[in-house]
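Coordinate-derived values only; no laboratory data. Here the structure is a predicted model, which is why all the values come from computation and not from measurement. A quick note on method: Cβ atoms are made from the backbone with ideal geometry, for glycine too, and the neighbour counts reach across all protein chains shown.
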Amino acid sequence: MIVLDYEVYEKSFSSEILSTPLERRWWTLVGTGTFLKDSEPVKAKTSLVAYRDDGDWFFTPPPYDNSKDSFSITPEMLEKDLKDDIELRVPSDSPIEVVDLHVFIDRGNYLSRHISFKLRNRTQKRVTGYTFEIADSGNDGSISEATGAQRDWIDPLGTSHEFTEEHNTALYRCEGEKKIHIEIQSAGLEDGTEWESESYKKLLQGEDPEHQ
């Protein structure tokens, strides 16, 4: 790659980075890269991770092996809904649950999954805030979303708007795909009631080894 026209991919932001010293933080860059192939410039969508280590900048190589040429992907596989491959971590006492889940292979990066879902309010009270996380078994990156905005409130026994996220099962094909999960971590109700999962409580206390 000789040129990368990029922007910072904000959806890959994790709240964990806030506790990481600046000299050790990372950012995902996505855009169009110009590659030399047989001495000819070829443009292709790509991504890489820029990170700091001991005050210096480093960059992961572009994921060359994530293109369609590196996979035996059939049209049927692209059309298949992979929702059953996602682990849902929703405690039985959670005020909200995941519904209308759909997962498809990203046609531009076969290691990436396009995930869409809604949240359903299990209670007779309006849900005015919640936190959920999309992560994988390798803990290589996570998407955490917390909201209390009125546009995201969920009416009693109602459903939220649709959430859409992109998540890589691995940065490189050679690493192998990792199991993705969606975890409901917290919720707040209009009467002031606050709920947190046990794993989220441990995470806030720095006691959960899965997130370290």
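For a quick check: sort 203, 119 by the number of other beta carbons within 10 angstrom, fewest at the front.
Ascending number of Cβ neighbours within 10 Å: 203, 119.
Could you give each residue of the stretch 106-117 its phi-based ³J(HN,Hα) in whole Hz, using Karplus coefficients 6.51, -1.76, 1.60 with θ = phi - 60°, and x for Gly or Pro?
Going residue by residue, I get 6, 5, x, 8, 6, 8, 9, 10, 8, 10, 10, 6 Hz, with x marking Gly and Pro.
Quick one: which of 118/202; 83/179; 83/125; 125/202; 125/179 span more than 22 angstrom between C-alpha atoms?
Listed pairs above 22 Å: 118/202; 83/125; 125/202; 125/179.
Hey, rough spin-label estimate for residue 93 and residue 124, points 7 angstrom out along Cα→Cβ, what's it come to in nanometres?
2.0
How would the stretch 78-205 be classified by its alpha-carbon gyration tensor: rounded, prolate or oblate, with rounded meaning a/c under 1.5 and the a/b versus b/c comparison settling the rest?
prolate
What length, rounded to one decimal in nm, is gained on full extension from residue 7 through to residue 42, with 0.36 nm per residue of separation minus their alpha-carbon distance?
Result: 10.7 nm gained on full extension.
Quick one: order 193, 46 by neighbouring beta-carbon count within 10 Å, fewest to most.
Least crowded to most crowded, the residues run 193, 46.
Taking the simple approach of a point 7 Å from Cα along Cα-to-Cβ for both residue 191 and residue 79, what is their distance in nm?
That separation, rounded to one decimal, is 4.9 nm.
For 24, 151, what ranking results if the residue with the fewest other Cβ atoms within 10 Å of its Cβ goes first?
Lowest count first: 151, 24.
Based on the mean of other Cβ atoms within 10 Å per residue, sort peptides 182-189, 27-34 so the most packed one is first.
Highest mean packing first, the order is 182-189, 27-34.
Calculate the spin-label point distance for residue 60 paired with residue 149, positioning each point 7 Å from the Cα along the beta-carbon direction, and give it in nanometres.
About 2.8 nm, to one decimal.
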